[in-house]
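Below you'll find the structure, written out as structure tokens, and then a few comments.
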Amino acid sequence: MLAAPMLLAGCAAAQPPIHGATAGHKCRSVAPSSFVGEPATSELGSAILTATHAAVLRWASPGVMLTMEYREDRVTVRIGQDGRVAAVNCG
């Protein structure tokens, strides 16, 4: 019985791969002022991917429902009603 907590601790330390994650990519947060207020364009999307080192870019238009699972290789760009970037977040 004394060994059971140690066995469980070993299982907890091993993290399974994130479903759909791209190996070698982990989103890094950037200063919001870098992109907030800019028009949402494919060129800006490429710049955001480069700046955050994410592999996946997810555009979030106003009123669109998003899945809540966290992906370390993804960056989410929220777009305001005016078609400009409102927020940039990893996950």
Which of the residues spanning segment 58-91 are aromatic (Phe, Trp, Tyr) and either under 18 Å from Ser33 (Cβ atoms) or not in a strand (DSSP E or B) (or both)? Tyr70
Could you list all residues from segment 58-76 that are under 16 Å from Lys26 (Cα atoms) and either buried (at least 17 other Cβ atoms within 10 Å of the Cβ) or of a type outside the set (Phe, Trp, Tyr) (or both)? Arg58, Glu69, Arg71, Glu72, Asp73, Arg74, Val75, Thr76
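Of all residues being free of Cβ contacts under 8 Å to residues at least 40 places away in the same chain and not in a helix (DSSP H, G or I) in segment 25-57, which is surrounded by the most Cβ atoms within 10 Å (Cβ to Cβ)? Just the residue, please.
Step one: list which residues in segment 25-57 are free of Cβ contacts under 8 Å to residues at least 40 places away in the same chain, which gives 31, 33, 41-43, 45-47, 49-57.
Adding the requirement that they be not in a helix (DSSP H, G or I) leaves 31, 41, 53-57.
On the way: Ala31: 9, Thr41: 11, His53: 15, Ala54: 24, Ala55: 19, Val56: 15, Leu57: 18.
It comes out as Ala54.
Looking at segment 77-91 only, could you name the residues that are farther than 15 Å from Cys27 by Cα and in contact (Cβ under 8 Å) with a residue 24 or more places away in the chain? Before you say what the answer is, go through the steps one by one.
Step one: list which residues in segment 77-91 are farther than 15 Å from Cys27 by Cα, which gives 78-86.
Scanning segment 77-91 gives Ile79, Gly83, Arg84, Val85, Ala86.
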Every listed condition ((1) within 16 Å of Gly80 (Cα to Cα); (2) of a type in the set (Val, Ile, Thr); (3) modelled with pLDDT of 95 or more) holds for Val64 save (3)
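The values are calculated or read from the model by the stated rules, or taken from the named source; none is laboratory data. Computed from a predicted model, the values in this text were never measured in an experiment. Cβ coordinates were reconstructed from backbone atoms using ideal geometry, including for glycine residues, and neighbour counts include every protein chain displayed.
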